[in-house]
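The values are calculated or read from the model by the stated rules, or taken from the named source; none is laboratory data. In this text the structure is predicted, and so the values were computed from the model without any measurement. Note: ideal-geometry Cβ built from the backbone for every residue, glycine included; neighbour counts use all protein chains shown. Remember, those area values only see protein heavy atoms, side chains included, never the ligands or the DNA or RNA. Shrake-Rupley method; radii C 1.70, N 1.55, O 1.52, S 1.80 Å.
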Amino acid sequence: SQQGEEDPQALSIQEGENATMNCSYKTSINNLQWYRQNSGRGLVHLILIRSNEREKHSGRLRVTLDTSKKSSSLLITASRAADTASYFCATDFYRYALNFGKGTSLLVTP
Amino acid sequence: NAGVTQTPKFRVLKTGQSMTLLCAQDMNHEYMYWYRQDPGMGLRLIHYSVGEGTTAKGEVPDGYNVSRLKKQNFLLGLESAAPSQTSVYFCASSYSAGFSAKNIQYFGAGTRLSVL
């Protein structure tokens, strides 16, 4: 079963607004990743945060991790129409694999 | 720089037919994975490989077989297709995995399979 669960399932915002999506997971992790999937395409890695980090930035992306609450958030600032996609968190699963959540579908309208 | 290439992109099968999905990566990655993606279910791991000649079961392995005869290729086989195997199949590869490794995965564009 999925280790990570994203919330909300769907999010609709206007260009220029910030988008925040959350991920909760069940067991201890070494790191947590976020991926993006554009419609009809494969997943693309966005950012990785290690279990001993609390916050990480990459361009307009900001990821936080709270291991005590077993949760992470992805913030996309100043959203653009091109950010329309599904976003997945991924945690360690088995020893060599990842466990992906069900994703948050983000729609950014002009 | 192709990355991860999946063939075919689309396929329609009749129940009971067999087929093989091919995944090829040109990044010299040790680790390769097969996932299926169904609406509302996210990605589920079918099988994976930690190196040439090795395979292991994932979360939903039943009805599928895999082989990794060459480091760059990972094949997913359906011996007798069932309608429940209608899905989008993704292959991924990574350079490192295991305890404390980053396991950043690179995905192919997917194969859309319908079983009638």
Restricting segment A:96-110 to residues that are under 26 Å from B:E59 (Cα atoms) and touching an Asp or Glu at 6+ places or on another chain (Cβ under 9 Å), the residue that is most open to solvent (accessible area, probe 1.4 Å): A:K102
Options A:G16, A:G4; residue that is open to solvent by less than 60 Å² (accessible area, probe 1.4 Å), farther than 27 Å from B:P39 by Cα and touching a residue at least 40 places away in the same chain (Cβ under 8 Å): A:G16
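A quick yes/no check of all residues on (1) farther than 16 Å from A:S12 by Cβ; (2) among the hydroxyl-bearing types (S, T, Y):
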{"site": "A:S51", "(1), (2)": "yes, yes"}
{"site": "A:R60", "(1), (2)": "yes, no"}
{"site": "A:V63", "(1), (2)": "yes, no"}
{"site": "A:T67", "(1), (2)": "yes, yes"}
{"site": "A:A85", "(1), (2)": "no, no"}
{"site": "A:D92", "(1), (2)": "yes, no"}
{"site": "A:A97", "(1), (2)": "yes, no"}
{"site": "A:T104", "(1), (2)": "no, yes"}
{"site": "A:V108", "(1), (2)": "no, no"}
Filter result for B:Q105 (under 20 Å from A:S86 (Cα atoms), in contact (Cβ under 8 Å) with a residue 40 or more places away in the chain and more than 11 Å from the chain's Cα centre (by Cα)): yes
Elements of type strands (runs of 3 or more DSSP E) contained in segment B:22-97, each with 3 or more residues being within 27 Å of A:N30 (Cα to Cα) and at pLDDT 95 or above: B:31-38, B:42-49, B:87-94
Only one of A:N31, A:N38, A:N22 that is surrounded by 14 or more Cβ atoms within 10 Å (Cβ to Cβ) and within 26 Å of B:G3 (Cα to Cα): A:N31
Search result, residues across segment B:52-68 that are of a type in the set (G, A, S), more than 10 Å from chain A (Cβ to nearest Cβ) and out of contact with any helix residue (DSSP H, G or I) (no Cβ under 9 Å at 6 or more places or on another chain): B:G53, B:S67
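Table: residues versus (1) more than 14 Å from every other protein chain (Cβ to nearest Cβ); (2) outside any strand (DSSP E or B); (3) over 20 Å from B:M41 (Cα atoms); (4) within 11 Å of the chain's Cα centre (by Cα).
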| position | (1), (2), (3), (4) |
| --- | --- |
| A:G16 | yes, yes, yes, no |
| A:S28 | no, yes, yes, no |
| A:R36 | no, no, no, yes |
| A:G40 | no, yes, no, no |
| A:E53 | no, yes, yes, no |
| A:N99 | no, no, no, no |
Qualifying residue in segment B:8-19 (condition: part of a loop (DSSP other than H, G, I, E, B) and among the basic types (K, R)): yes
Failed condition for B:V50, given (1) within 13 Å of B:A24 (Cα to Cα); (2) out of contact with any His (no Cβ under 8 Å at 6 or more places or on another chain); (3) without any contact (Cβ under 8 Å) to a residue 60 or more places away in the chain: (1)
Scan of segment A:70-95 for residues that are part of a loop (DSSP other than H, G, I, E, B), in contact (Cβ under 8 Å) with a residue 24 or more places away in the chain and open to solvent by 10 Å² or more (accessible area, probe 1.4 Å), ordered by number: A:K70, A:T77, A:A78, A:R80, A:T84
Pick from segment A:42-51, criterion assigned to a strand (DSSP E or B) and of a type outside the set (A, V, I, L, M), ranking: least open to solvent (accessible area, probe 1.4 Å): A:H45
Residue list for segment A:43-61, restricted to those being within 18 Å of A:T91 (Cβ to Cβ) and in contact with a helix residue (DSSP H, G or I) (Cβ under 9 Å, 6 or more places away or on another chain): none
Positions within segment B:98-116 being part of a strand (DSSP E or B) and either within 11 Å of chain A (Cβ to nearest Cβ) or open to solvent by less than 20 Å² (accessible area, probe 1.4 Å) (or both), in sequence order: B:Q105, B:Y106, B:F107, B:T111, B:R112, B:L113, B:V115
